[in-house]
Structures are given as structure tokens and as C-alpha cells.
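To keep things clear, I will list the structure first and then write my remarks on it.
What follows is calculated from the coordinates using simple rules that are stated; it is not laboratory data. Please read all numbers here as calculations on a predicted model, not as lab measurements. For neighbour counting, all protein chains shown are included, and Cβ atoms are generated from backbone atoms with ideal geometry for every residue, glycine included.
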Amino acid sequence: MDPRRKARVAGLLYLIGAAAGGAAEIFIRDRLVVSGNAAATAANILAHESLFRFGGAADLISVVCDTAVALLFYELFAPVNKSLSLLMAFFRIIFVAVMAAITVNHFAAVLYIGRAQTVSAFSSQQLLEQALLSLRLQSVGYNIALVFFGFTCVLLGYLIVRSTFLPRILGILMAISGIGYLINSFVHLLAPAYGGYAFKYILVPCGIGELLLIPWLLAVGVNSSRWLEQAQASV
């Protein structure tokens, strides 16, 4: 495939994956899950069960897209540095694997809530608390996954800076985004009381790197002639 077309396909899959994953986290879980209140969370999920299940499906769409993006980015940036490009893809695949695993917790919450209405071996409150715990584990796993994604963004930023076929400013911004992901995740994991501040004041501003890279890949792609020159020089 022509490198410009390959970059545009990667940009499209990146956009779909980011939109699906972001919608599941921000517009579904964040709105339905009430921290520390199992009964309210269960009531929200039961009232919007189809929407909640769609959130889990959106997570799966996201990991499928990210798997393909990992391969496409490896092929695009191998001419810059094959080893670092492989490491970048490896970190992204770990991110995908963790995200796929924690999606089980998302669907487990629905099962616990459903069983709370029919099972007598455990009290309804115990099962509702278990559902809330499953969602809490999903949140912890999400922040663990973003650690690997942060390293992916840092490596991608470095490769873009070293490339001759993409603007260096995109690489700098992607590296900053990666550092933002790392800081945000470690704050959530080590000092969760400050997680909201990390998201608002660190991660959101740093996200400009992805917001610029995706439309650039879609609209422009890469400079094919320079990509070929760098690929030939790396042989």
C-alpha cells in the first residue's frame, strides 16, 4: 500500500478507536457510575442497560482498531528506526491486551446487578457492591493500560521528530501527550484523590497532540517521496 494511503487508513482507524473508547469512558461509564454508591449505580445501569452494554462493545471496537493501528504505525515508522518502531507497536499491543481484559469487568457489572434480583445465596446489597467493585477494577485497569499507551505516544513522538515525512511539531506534541498520559495514570493510581486535577489540568491540555495528528493523517497522510527516500536510506 502507498505510504500516504496507509497513513490515512491508520488515521481513520485511530479516529474510530479514539471516538469509541472515549465515548465508552466519558459519556457512558462516567455518567452512569456513581462513585461509592452501589444502589445508585445499579439503578442507572438498569435504566440504561442497552447503553451500558454498548459502552462495552465500543471498548472492543476501540481495541480492534488500535491493534490495526499498531501494525500500520510499525510499518510507517520502521524506516526511521526499526527497533523503536517495533517497541512502540509492542507497547500499543500491551495497551490493547489490558484494555481487552478489563472489558470483562464492564460486562461483569451487568451480570452482578442482574443476579441481585434472582439469587438468594448472597444478599442483593452484596451483589450490587460486587458490581461496583468490578467497575472500580475496570477503572484501575484503564489507568494501568494508559501507562503503556503513554510510552507508545512518547516513542511515536520521537519517531515523528526523527522522520522526514511528517512535521516535527506533531512529534513534539505527541511526546508531550505521552508524558501527560503517564502523569495522569500514576496520579490516579498513587494518589486517586487528585486524579480529577491530573485529568483536567494535565491530560486534557496534553491531548492536543492526538487531536492534531489524527486529522493530519486523514487529510494529508505522509510525504510519500520523503518516506521512500528514508526507507531506501535505511536498507
Go ahead and run the numbers for FRET between Asp30 and Leu212, Cβ-Cβ distance against an R0 of 30 Å, rounding to 0.05.
0.75
By how many degrees, 0 to 90 and rounded to 10, does the Cα axis of helix 49-77 deviate from the longest principal axis of the chain?
20
Taking Cα atoms only, helix 3-22 is inclined relative to the longest principal axis of the chain by an angle, in degrees rounded to 10, of 20
Dipole in debye (nearest 20) - the chain, about Cα centre, beta carbon charges: Lys, Arg +1; Asp, Glu -1:
360
So how do Ser62, Ser50, Ser224, Ser85 line up by other beta-carbon neighbours within 10 Å, fewest first?
Ser50, Ser224, Ser85, Ser62
Could you point to the residue in Val33, Phe151, Ala57 farthest towards the positive end of the chain's charge dipole, with +1 and -1 charges on the Cβ of Lys/Arg and Asp/Glu respectively?
Phe151
By how many degrees, between 0 and 90 and to the nearest 10, does the Cα long axis of helix 208-219 differ from the longest principal axis of the chain?
60
I'd like to know how the chain sits against the 2.2 N^0.38 Å rule of thumb: what's its Cα Rg over that expected value?
1.13
Normalised contact order of the range 3-228, rounded percent, pairs of Cα under 8 Å and 6 or more residues apart:
24
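Which value at 222 nm does the chain reach when only helices count, each DSSP H run of 4 or more adding -39,500 (n - 2.57), with the total divided by all residues and rounded to the nearest 500 deg cm²/dmol?
-26500 deg cm²/dmol
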Simple label model, 7 Å out from Cα along Cβ direction - Gln126 to Val140, nm
2.1
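With a 10 Å radius around each residue's Cβ, average the other Cβ atoms per peptide and rank 31-39, 73-81, highest first.
Sorting 31-39, 73-81 by mean packing, highest first, produces 73-81, 31-39.
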